[in-house]
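Report on the following structure.
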Amino acid sequence: MAGSLPAPDAALAGIQGSHDGSAVRLAVVTARWNDHLTIRLLDGARRGYEHCGIRSENVTEAWAPGAFELPLVCQQLAASGEFDAVIAIGVVIRGETTHYDIVSEAAAVGVREAAALTGVPVIFGVLTTETEAQVLARAGDDDTNKGFEAVVTAVEMVTLLSALPR
């Protein structure tokens, strides 16, 4: 796979996950705010499902109003017991006020806390950028799309955690 997220390397010592998502149950929560951009990330995630072999019946997609609301939706889905991983997809673009800082931090901390509280991987697929052009550079039609990368990361985390001692 070309792109910035290489496949696990058999030459590396230790426990690793894989990119085989054939048994993974996944929820993807996308923010409607900036939906002309978040849909591009969701399209990348959908290509990621195929790349990792995730069956369509094992994927649930949901929409949150914005990036600020993503953590609560992700936490509820993660706590449901129906999913092996949850992905938060959103876009926050810096403006003229501190709103960017507040929303970006709340989304990041909230997603991290959702994972910590539930023990389910909750992947941060929220772009926090200065411009729309920076989003477009990260939301293309290839495997460098951050939505695609979020799915691959989710699958790798699920398979890694299942390989770890309990």
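Just so you know, all these numbers are worked out from the coordinates, no wet-lab data involved. In this text, all values refer to a predicted model and were calculated from it rather than measured experimentally. Here the Cβ positions follow ideal geometry from the backbone for every residue, glycine too, while neighbour counts run over all protein chains shown.
Of note:
- Any hit, region 8-16, residues being in a loop (DSSP other than H, G, I, E, B), within 18 Å of Val158 (Cα to Cα), in contact (Cβ under 8 Å) with a residue 40 or more places away in the chain and in contact with a Leu (Cβ under 8 Å, 6 or more places away or on another chain): yes
- Every residue from region 127-138 that is aliphatic (A, V, I, L, M), in contact (Cβ under 8 Å) with a residue 24 or more places away in the chain and either surrounded by fewer than 23 Cβ atoms within 10 Å (Cβ to Cβ) or at positive phi (or both): Val135, Leu136
- The residues in region 142-166 that are within 16 Å of Ile89 (Cα to Cα), out of contact with any helix residue (DSSP H, G or I) (no Cβ under 8 Å at 6 or more places or on another chain) and in a loop (DSSP other than H, G, I, E, B) can be counted, and the count is 1.
Okay, residues lined up against (1) assigned to a helix (DSSP H, G or I); (2) surrounded by 15 or more Cβ atoms within 10 Å (Cβ to Cβ); (3) free of Cβ contacts under 8 Å to residues at least 24 places away in the same chain:
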site: Thr30; (1), (2), (3): no, yes, no
site: Leu42; (1), (2), (3): yes, yes, no
site: Thr97; (1), (2), (3): no, no, yes
site: Ala106; (1), (2), (3): yes, yes, no
